[in-house]
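Have a look at the structure below before the remarks.
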Amino acid sequence: MSGFDRFASWCSRQVSRAPFFVACVLLVIVWAPSIVLLGSVDTWQLIINTATTIVTFLLVALLQNTQTRADNALQHKLNGIADALADLMVAMSDKYPKLAEDELELRAAVGLEDRESS
(Lines give C-alpha, C1' and ligand atoms only; values in the text may rest on other atoms or scores of the structure.)
Protein backbone atom coordinates (compact mmCIF):
# COMPACT_ATOMS: atom_id res chain seq x y z
CA MET A 1 0.00 0.00 0.00
CA SER A 2 1.40 3.38 -1.00
CA GLY A 3 1.86 6.31 1.35
CA PHE A 4 -1.09 8.08 -0.24
CA ASP A 5 -3.30 5.01 0.25
CA ARG A 6 -2.34 4.82 3.93
CA PHE A 7 -3.03 8.55 4.32
CA ALA A 8 -6.41 8.22 2.57
CA SER A 9 -7.36 5.30 4.83
CA TRP A 10 -6.35 7.23 7.92
CA CYS A 11 -8.38 10.27 6.80
CA SER A 12 -11.38 8.08 6.06
CA ARG A 13 -11.26 6.63 9.57
CA GLN A 14 -10.92 10.08 11.14
CA VAL A 15 -13.74 11.85 9.29
CA SER A 16 -16.16 9.00 9.98
CA ARG A 17 -15.85 9.45 13.74
CA ALA A 18 -17.73 11.70 16.14
CA PRO A 19 -14.78 14.02 16.99
CA PHE A 20 -14.59 15.20 13.38
CA PHE A 21 -18.31 16.04 13.39
CA VAL A 22 -17.94 17.83 16.73
CA ALA A 23 -15.01 19.84 15.32
CA CYS A 24 -17.16 20.85 12.33
CA VAL A 25 -20.00 21.96 14.60
CA LEU A 26 -17.56 23.90 16.79
CA LEU A 27 -16.13 25.60 13.71
CA VAL A 28 -19.60 26.82 12.73
CA ILE A 29 -20.31 27.92 16.31
CA VAL A 30 -17.07 29.94 16.39
CA TRP A 31 -17.64 31.31 12.89
CA ALA A 32 -21.27 32.41 13.35
CA PRO A 33 -20.66 35.28 15.83
CA SER A 34 -17.53 36.40 13.96
CA ILE A 35 -19.72 38.68 11.82
CA VAL A 36 -19.41 41.18 14.65
CA LEU A 37 -15.61 41.23 14.26
CA LEU A 38 -15.55 41.22 10.47
CA GLY A 39 -18.30 43.76 9.93
CA SER A 40 -18.90 42.75 6.31
CA VAL A 41 -21.41 40.02 5.50
CA ASP A 42 -19.57 39.28 2.25
CA THR A 43 -16.25 38.61 4.01
CA TRP A 44 -18.03 36.65 6.72
CA GLN A 45 -19.70 34.34 4.20
CA LEU A 46 -16.58 34.07 2.03
CA ILE A 47 -14.56 32.70 4.96
CA ILE A 48 -16.93 29.79 5.71
CA ASN A 49 -17.66 29.10 2.04
CA THR A 50 -13.97 28.93 1.14
CA ALA A 51 -13.07 26.76 4.12
CA THR A 52 -15.88 24.26 3.56
CA THR A 53 -15.24 24.10 -0.19
CA ILE A 54 -11.56 23.33 0.27
CA VAL A 55 -12.23 20.66 2.90
CA THR A 56 -14.97 19.08 0.78
CA PHE A 57 -12.79 19.05 -2.33
CA LEU A 58 -9.91 17.33 -0.55
CA LEU A 59 -12.10 14.84 1.30
CA VAL A 60 -13.88 13.76 -1.88
CA ALA A 61 -10.54 12.83 -3.45
CA LEU A 62 -9.32 10.97 -0.35
CA LEU A 63 -12.59 9.15 0.28
CA GLN A 64 -12.91 8.14 -3.38
CA ASN A 65 -9.47 6.54 -3.18
CA THR A 66 -10.54 4.57 -0.12
CA GLN A 67 -13.83 3.54 -1.73
CA THR A 68 -12.13 2.39 -4.93
CA ARG A 69 -9.67 0.23 -2.99
CA ALA A 70 -12.52 -1.27 -0.94
CA ASP A 71 -14.47 -2.03 -4.14
CA ASN A 72 -11.43 -3.70 -5.70
CA ALA A 73 -10.83 -5.81 -2.59
CA LEU A 74 -14.46 -6.89 -2.52
CA GLN A 75 -14.38 -7.80 -6.22
CA HIS A 76 -11.23 -9.86 -5.65
CA LYS A 77 -12.97 -11.78 -2.84
CA LEU A 78 -16.07 -12.38 -4.94
CA ASN A 79 -13.95 -13.66 -7.83
CA GLY A 80 -12.21 -16.05 -5.42
CA ILE A 81 -15.54 -17.37 -4.18
CA ALA A 82 -16.82 -17.78 -7.74
CA ASP A 83 -13.64 -19.61 -8.76
CA ALA A 84 -13.91 -21.99 -5.79
CA LEU A 85 -17.58 -22.59 -6.56
CA ALA A 86 -16.75 -23.30 -10.21
CA ASP A 87 -14.08 -25.80 -9.14
CA LEU A 88 -16.61 -27.50 -6.86
CA MET A 89 -19.13 -27.60 -9.70
CA VAL A 90 -16.54 -29.33 -11.92
CA ALA A 91 -15.85 -31.88 -9.20
CA MET A 92 -19.57 -32.58 -8.77
CA SER A 93 -20.48 -32.58 -12.49
CA ASP A 94 -20.07 -36.37 -12.72
CA LYS A 95 -22.94 -36.79 -10.27
CA TYR A 96 -24.95 -33.77 -11.51
CA PRO A 97 -24.44 -33.24 -15.27
CA LYS A 98 -26.27 -29.88 -15.35
CA LEU A 99 -23.50 -28.40 -13.17
CA ALA A 100 -21.07 -28.49 -16.11
CA GLU A 101 -23.23 -25.99 -18.02
CA ASP A 102 -23.73 -23.86 -14.92
CA GLU A 103 -20.01 -23.86 -14.27
CA LEU A 104 -19.32 -22.49 -17.76
CA GLU A 105 -21.91 -19.76 -17.20
CA LEU A 106 -20.35 -18.87 -13.87
CA ARG A 107 -16.83 -18.65 -15.32
CA ALA A 108 -18.14 -16.54 -18.20
CA ALA A 109 -19.83 -14.18 -15.75
CA VAL A 110 -16.68 -13.84 -13.67
CA GLY A 111 -14.61 -13.22 -16.78
CA LEU A 112 -17.06 -10.54 -17.85
CA GLU A 113 -16.76 -8.91 -14.42
CA ASP A 114 -12.96 -8.85 -14.75
CA ARG A 115 -13.20 -7.05 -18.08
CA GLU A 116 -15.79 -4.54 -16.84
CA SER A 117 -13.96 -3.63 -13.65
CA SER A 118 -10.60 -2.91 -15.27
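Evaluating 6.51 cos²θ - 1.76 cosθ + 1.60 at θ = phi - 60° for every residue in region 29-40, the Karplus couplings come out as 5, 6, 5, 3, x, 5, 4, 5, 6, 7, x, 9 Hz, glycine and proline recorded as x.
Converting phi to 3J(HN,Hα) with the Karplus coefficients 6.51, -1.76 and 1.60 and the offset θ = phi - 60°, region 83-100 yields 5, 5, 5, 5, 4, 5, 4, 5, 5, 8, 5, 5, 7, 10, x, 5, 4, 4 Hz in sequence order, with x at every glycine or proline.
Would you tell me the accessible area of V110, worked out with a 1.4 angstrom probe on the heavy atoms of the protein chains, in Å² to the nearest 10? Its accessible surface works out to 30 Å², give or take rounding. The residues F4, F21, sorted by heavy-atom accessible surface at 1.4 Å with ligands and nucleic acids left out, run F21, F4 from largest to smallest. Projecting the alpha carbon convex hull of the chain along each direction and taking the average yields 11.4 nm².
Counting helices only, and only those DSSP H runs with n ≥ 4, report the 222 nm mean residue ellipticity of the chain as the sum of -39,500 (n - 2.57) divided by its residues, in deg cm²/dmol to the nearest 500. Each step should come with its number before you reach the end.
Numbers: 5 runs with 103 residues, N = 118.
Only helices count here, giving -30000 deg cm²/dmol.
The value of relative contact order for the chain, using C-alpha pairs under 8 Å at least six residues apart, is 24 percent. Taken over region 6-58, the ratio of Cα radius of gyration to 2.2 N^0.38 Å equals 1.37. Per-residue Karplus couplings for region 65-71, computed as 6.51 cos²θ - 1.76 cosθ + 1.60 with θ equal to phi - 60°, are listed in order as 4, 4, 5, 5, 5, 5, 4 Hz, Gly and Pro entered as x.
The values are calculated or read from the model by the stated rules, or taken from the named source; none is laboratory data. Because the structure is predicted, anything quoted here is derived from the model rather than measured. We work out accessible area using only protein heavy atoms, side chains counted, and drop any ligands, DNA or RNA first. Shrake-Rupley method; radii C 1.70, N 1.55, O 1.52, S 1.80 Å.
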